[in-house]
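A.B. asks: Mind looking over this structure? Questions follow.
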Amino acid sequence: MSSPCDPKYAPAGDVGAALMMIDSRLKSVHDDRTEIDPEQQALTKQFAASLGPGGADEVLDGTCTVIFMFMKWLRLAYEDHDRDVIECVVPNLVATMRRMPKSIRPEVIPTMAGLVVAAGTGLSPNLWRKQYGYWTPEELTPLEATAFLLAEHINRMTDDPDFATRMITEALFAAEKD
């Protein structure tokens with residue numbers, strides 16, 4: 001039976017822009033540049049302004065697509081070891097977000113956990129979220145953090161700091177060939 005949250009009904013969005021943001025954040029954290037960089041902040045604002053009408057929605061959809069792809073990879077990796085992806089990923093994600101109160105308000109953590117559970121069970125995270133209304137401003141940073149934390153989880157599992165972003169990049173190139 002088909003679900004209205006089936007990924008085939010979801011727009012892919014701007015996966016490239018979403019991946020660029022995730023990769024940039026991964027690199028800055030690994031380079032110990034966790035303080036707010038005014039130049040980076042100005043570039044981010046300039047980028048956001050250049051998106052035009054609907055551009056931010058495209059990046060939101062792209063981020064959800066990346067989260068879906070990360071969770072699909074994680075599900076397959078954990079299933080290879082007879083483990084459940086939800087059991088292995090969600091508690092760690094929630095615990096990490098709880099340690100980030102300046103960036104992530106406690107009331108949005110259940111939404112991010114639900115988003116990851118939806119993706120982990122094969123549902124589109126953006127369609128799952130949209131059934132509860134439009135994204136709130138308070139959810140945008142936690143959404144980015146969710147994608148970042150999933151990428152970091154994958155990178156640690158593979159012992160490769162670029163594996164997660166490279167995996168998505170390769171999938172994009174393969175899709176363009178088809």
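The values are calculated or read from the model by the stated rules, or taken from the named source; none is laboratory data. Just so you know, these numbers come straight off a predicted model, no measurement behind them. Here the Cβ positions follow ideal geometry from the backbone for every residue, glycine too, while neighbour counts run over all protein chains shown. Side chains are part of the model used for accessible areas, which takes the heavy atoms of the whole protein and leaves out ligands, DNA and RNA. Shrake-Rupley method; radii C 1.70, N 1.55, O 1.52, S 1.80 Å.
A.B. asks: For the subset of segment 3-33 comprising residues that are farther than 30 Å from residue 159 by Cβ and among the hydroxyl-bearing types (Ser, Thr, Tyr), which member is least open to solvent (accessible area, probe 1.4 Å)?
C.D. replies: Residue satisfying both the conditions and the ranking: 3.
A.B. asks: Considering only segment 77-135, state which residues are of a type in the set (Ser, Thr, Tyr), under 16 Å from residue 148 (Cα atoms) and over 17 Å from the mean Cα position of the chain (by Cα).
C.D. replies: Answer for segment 77-135, where residues must be of a type in the set (Ser, Thr, Tyr), under 16 Å from residue 148 (Cα atoms) and over 17 Å from the mean Cα position of the chain (by Cα): there is none.
A.B. asks: Would you confirm, using the coordinates I've provided, whether residue 138 is closer than 26 Å to residue 14 by Cβ, open to solvent by 70 Å² or more (accessible area, probe 1.4 Å) and of a type in the set (Asp, Glu)? Before the answer, list the steps.
C.D. replies: On the way: closer than 26 Å to residue 14 by Cβ: yes; open to solvent by 70 Å² or more (accessible area, probe 1.4 Å): yes; of a type in the set (Asp, Glu): yes.
Yes, satisfied.
A.B. asks: Looking at segment 3-44, which of its residues are in a loop (DSSP other than H, G, I, E, B), under 19 Å from residue 150 (Cβ atoms) and either modelled with pLDDT under 80 or not acidic (Asp, Glu) (or both)?
C.D. replies: 5, 10, 12, 13, 34
A.B. asks: Filter segment 76-131 for residues that are open to solvent by 30 Å² or more (accessible area, probe 1.4 Å), in a loop (DSSP other than H, G, I, E, B), of a type outside the set (Lys, Arg) and over 25 Å from residue 9 (Cα atoms) and give the result.
C.D. replies: Of everything in segment 76-131, those that are open to solvent by 30 Å² or more (accessible area, probe 1.4 Å), in a loop (DSSP other than H, G, I, E, B), of a type outside the set (Lys, Arg) and over 25 Å from residue 9 (Cα atoms) turn out to be 80, 81, 82, 84, 100, 101, 103.
A.B. asks: Sticking with this one: For residue 70, which of the numbered conditions (1) open to solvent by 40 Å² or more (accessible area, probe 1.4 Å); (2) within 20 Å of residue 6 (Cβ to Cβ); (3) of a type in the set (Phe, Trp, Tyr) fails to hold?
C.D. replies: (1) is the only condition that residue 70 fails.
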